[in-house]
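Derivation of every value follows stated rules applied to the coordinates shown; laboratory data play no part. Being a predicted model, the structure only gives us computed values, none of them experimental. Every residue, glycine among them, receives a Cβ derived from its backbone with ideal geometry; neighbour counts consider all protein chains shown.
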Amino acid sequence: MNDVKELKERYSTIYPGFGSYTECMSRSLFSGLAAGAIVFSGTWIFQHLFRHRLPYDPKFHALVSAAIGVVSGYKVTALRSQSCQAAWMATENKHTYLNPLQKEEKQISLEKPSL
């Protein structure tokens, strides 16, 4: 089961949107990783350029950069994975606006109420 193609073929009959879901999740995880690395680098460079104006020692630059990079990477990954989950549910026809989880039958009248 280490092969992604084999995994997609195995579950494509049961779950039609599984292939696109795995690709979307891979993109979301790598975009979160890239966002964390870019934010870490940008924060590190910013702290290095303004090291004389910062209120803390330069030995904490890596810690602050890592914390900000991890938080930003987590946020990007969480947002993108939620959109992947919503897209998979839409392909499976579950939990969408057009097909809600609880079906409530309401009569909607387009006429204005008479007074």
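What does the convex hull of the alpha-carbon atoms of segment 38-91 project to on average, in nm²?
Across all orientations, segment 38-91 yields a mean hull projection of 4.0 nm².
Got a sec? How would H52, H61 order by Cβ neighbour count within 10 Å, fewest to most?
H52, H61
For K5 and H52, compute 0.36 nm times the residue count separating them, minus their Cα-Cα distance, and round to one decimal in nm.
Here the segment from K5 to H52 would lengthen by 11.7 nm.
Only sites in a loop by DSSP and with at most 12 other Cβ atoms within 10 Å count here; which chymotrypsin sites (Phe, Trp or Tyr not before Pro) in segment 3-36 make the cut?
In loop regions of segment 3-36 (DSSP not H, G, I, E or B), there are no sparsely surrounded chymotrypsin sites (Phe, Trp or Tyr not before Pro).
How would you rank S26, S31, going from fewest to most other Cβ atoms within 10 Å of each one's own Cβ?
Least crowded to most crowded, the residues run S26, S31.
On a full-extension model of 0.36 nm per residue, what is the gain between S83 and E23, subtracting their alpha-carbon distance, rounded to one decimal in nm?
20.3 nm
Would you tally the net charge around L33, using a Cβ to Cβ cut-off of less than 15 Å, leaving L33 out, and scoring K and R as +1, D and E as -1?
+3
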